[in-house]
Structure formats: structure tokens, C-alpha cells
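Each remark here refers to the structure printed beneath this line.
All of the numbers you see were taken from the coordinates with simple rules; none came from a lab. All figures in this text were calculated on a predicted structure; none of them were measured in a lab. Note: ideal-geometry Cβ built from the backbone for every residue, glycine included; neighbour counts use all protein chains shown.
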Amino acid sequence: MAAWRLRRAGAALAASSAVAVALAASSASASEPSAAALDAARQRVAQPWVAPPPRDAQRAALAGSTSAEPLDVLVVGGGATGCGAALDAATRGLRVGLVEREDFSSGTSSRSTKLIHGGVRYLEKAVFNLDYGQLKLVFHALKERKQFYDLVAGRRLLHLSRYYSVDESVELFPTLAKNGHDRSLRGTVVYYDGQMNDSRLNVGLACTAAVVGAAVLNYAEVVSLIKDESGQRIIGARIRDTLSGKEFETFAKVVINAAGPFCDSVRKMANSNVVPMICPSSGVHIVLPDYYSPEGMGLIVPKTKDGRVVFMLPWLGRTVAGTTDSSTAITMLPEPHEDEIQFILDAISDYLNVQGIWPIAGATEGRGQALTALRLVDK
Ligand SMILES: Cc1cc2nc3c(=O)[nH]c(=O)nc-3n(C[C@H](O)[C@H](O)[C@H](O)COP(=O)(O)OP(=O)(O)OC[C@H]3O[C@@H](n4cnc5c(N)ncnc54)[C@H](O)[C@@H]3O)c2cc1C
């Protein structure tokens, strides 16, 4: 078992690392950002009282594009992936549009475990299954996290891991059980990882993209894609403003599909015969009272009864525990199931000396507040 110290990171001028699928190749240059474009972006962001342009201006910029004068990039989806891609493209000096059919971060990106991944989930598989792919993922995550941290943490970088004796561990983490059902505590390893406010980071990316020149519109849904006369190339999208109900067209050299779990529905707009490439699974977190975890420290159960990893982390004055991994239908608000909530409670109660663990009052048949997110798994 490992206890876990957390460092918080704020939203910053950083691009998301998640994968997006470009639907149409184009002549738009996607090379390294020019120093001048980056400088201009930094200067705009640094201005006091800087704010994104109003909704009407964003909408007009999207609707003002034509097939003769298209945007360089149109991003479909305003989660972390889409907003990160839009910001990245805008800081390269490209003309960018982004549309999100709900609010920014209303999908998976507001329901994560809030970790800036060091890849601990994948480390065990890498070592014990001798899985080189998982090991590469860990190194990749560590490299990305370091870059992100360098950017936001300055000198407050992460510390080295340390072993603590049983007594030290219980002093550090008072709810830790010295004796569990069929095991006793031998000590803990404390290691350091980063924590973020995922939805704020996402909204920060959207606002920063807008400030540096991208036309960014929420409550705007792509209802179909526009193709050129040959029917081969995607040149834009038809968009419905879901607040006014009005539709308009936006033209772009490249359309990026960043629709997360809804990725296949956008792919189908391009080709109705396309074979689905993703299968969704849901991950549930439950919210517990604050005293389950001391401030700034969490707990990782590295191996649950069925071999999964469960985290218990301090979050906004409470404790968040999770997650699960079950296949599900694709929906914007997946429902947590009773057995998933029980799975998390069982996993953490094995390690705690708190009697009768119940999540705080809220949804889900009176059992507590549970948050569910969708994750994508390559088939
Ligand atoms: C349980 C769980 C825990 C996780 N924990 C972590 C973690 O601790 N740390 C971490 O870094 N990552 C974590 N992740 C991964 C991370 O949350 C995801 O990689 C990320 O949120 C995916 O973002 P996205 O933008 O691709 O998808 P989403 O956030 O789902 O965004 C897709 C958006 O596209 C929009 N959209 C769909 N169709 C259309 C359309 N036609 N027109 C316009 N908009 C459309 C949707 O409304 C949605 O907002 C976790 C994931 C899960 C499931």
C-alpha cells in the first residue's frame, strides 16, 4: 500500500496530451509554433483584465468563415482534448474554431480522478507482466507531467518517495488500519503526484484559447459535416447553436474530432459505414467526508480483490475514492451502479479503521454521491 502526497497545479498555458483524430488532412502548417506567434499569445494572456470575447463575437467568427476563406482548424468537442488542441493550434498562429454542444468540460473531463498522471496505474502491469508497452506509457506520462509541472510549479517540484514505519504511517494517515481483515500493516511508501482541478483546467484551456484568438463556442453542436464537390474531402461543419436553435456553417481546412466517447458519432457523419473504433467503459468515484484522508495526502490500494487499483484522495474539502471500470452504453451522464459503489467501499474499507463507511448524502438510491465518467478503450 502506498500513501500519497499531492501537489496542486493550476490551469496554465498548457496543451492537453490526449489524442484527437483529424478527419481531413490539409495544407495548414502544424509545425512548431513560431517564436513570434508564441510571444504574441503570451503577451495577450499576460494583459491585466484580459477576457475572452463575448459569445456573439465567437459565433460571428465561426459563421464568418467561407469555403474560399476557411479557418485552418475546426475542433469538435470542448473537453480537455479539444480545448488543448485548440489552444495548441492557436499558439502556432493558426486560425482556429472550437464548438462544444454542452458546456466546456461537461463530459469525461470534469469527472476524472484529478491526477496529473505519473503512470502509477500502469507501473504494476509493466513490471509484473513484463509489459514493455505499459512501461513506455509510464515514461511517457512522467515526461509529460514533468513538462507540465515545470510550467506550473516553478521551483515547487515533486519530492522523492520515502518509506514510513507502521507508527509513522498511522500518525501521517490516522484512518489507516494497523490490522485489516486478513493482513497487518508493515509500513507505507509515500510518493508524490500532482492533482488538478480538471474542469477548471479545461475551462482555463478554453478561455486561454479564446484569448489568443480561437473562436470558441459552447452550446454549439456539430450536426453534420460538409464535404467538397467530390464528396471526398471534409471542408467544414453545420453547427446548431443550441441556445438559439439557429444553424450556421463553418468552413475549415482541418476538422479535428475531439468528441471523446461520442467520437464514433462524428466519424459516422463523415462516413455512415465506418466501423466503430472505440468501446466505452464507465468509471465511478464516490465522495466521502473529509476525515477519511488527511490534508494533502491520499491512499492507493494497488491491488483490489480483483486486481484493480483504487485511489482515495482529498478533494475540495472531501475525499474522493475510485475508480471502477465497467463496460457501458454511451451517454452524457452515465449512472453509477450499486455494485460499483460497493466495490469501492469494500476496496478501501479493507485498509481503514473507520467503522461503517458510507459516502456522503446525495444521489444514487440514498447511498451517497457518486460521480461517473466515461473512458474510451481501444478495441
Ligand atoms: C474514471 C476516469 C478517471 C480518470 N482519471 C484521470 C486522471 O486522474 N488524470 C488524467 O489526466 N486523466 C484521467 N482520466 C482521463 C481523462 O479524464 C480523459 O482522457 C479526458 O477527460 C478525455 O477528454 P476528451 O476531451 O477527449 O473527452 P470529453 O471530456 O468527454 O469531451 C468530449 C466533448 O465532446 C462533446 N461533443 C460530442 N459530440 C459533439 C458534437 N457533435 N458537437 C459538439 N461537441 C460534441 C461532448 O459534449 C464532450 O464535452 C480519467 C478518465 C476516466 C474515465
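The protection proxy used here, the mean number of other Cβ atoms lying within 10 Å of each residue, ranks peptides 235-244, 90-99 as follows, highest first: 90-99, 235-244. For the residue pairs K114/K178; K268/K305; K114/K246; K246/K268, the C-alpha atoms sit more than 31 angstrom apart in K268/K305; K114/K246.
Each of E168 and A270 was given a label point 7 Å from its Cα along the Cα-to-Cβ line. The distance between the two points is 5.3 nm. Scalar couplings 3J(HN,Hα) for the range 262-271, obtained by applying the Karplus form with A = 6.51, B = -1.76, C = 1.60 to θ = phi - 60°, are 9, 3, 5, 5, 6, 4, 5, 5, 7, 8 Hz; x denotes Gly and Pro.
Please work out how much length the chain gains when fully extended from N353 to L316, using 0.36 nm per residue of separation minus the C-alpha to C-alpha distance, in nm with one decimal. Full-extension gain reported as 11.0 nm.
For the range 274-323, chymotrypsin sites (Phe, Trp or Tyr not before Pro) are listed when DSSP marks them as loop and at most 12 other Cβ atoms sit within 10 Å of their Cβ; the list is empty.
Taking only the C-alpha atoms, wrap a convex hull around the range 70-120 and report its volume per residue in Å³ as a whole number. Don't skip to the answer; put the middle values down first.
On the way: hull volume 4.3 nm³, N = 51.
Taking only Cα atoms, the range 70-120 has a hull volume of 85 Å³ per residue.
If R0 equals 35 Å, the separation of the Cβ atoms of S161 and T331 corresponds to a calculated FRET efficiency of about 0.35. Look at where the Cα atoms of the range 224-245 and of the range 320-344 average out, and the two centres are 34 Å apart.
Just to check, using Stokes-Einstein with a Kirkwood Rh over alpha carbon pairs, what's the diffusion coefficient of the range 193-320 at 37 °C and 0.692 mPa s in µm²/s?
On the way: Rh = 18.7 Å.
Estimated diffusion coefficient is 175 µm²/s.
Within the range 201-304, list the GluC sites (Glu not before Pro) lying in a DSSP loop whose Cβ has at most 12 other Cβ atoms in a 10 Å radius.
On the way: sites: E221, E229, E247, E249, E295; in loops: E229, E295.
Those satisfying the criteria are E229, E295.
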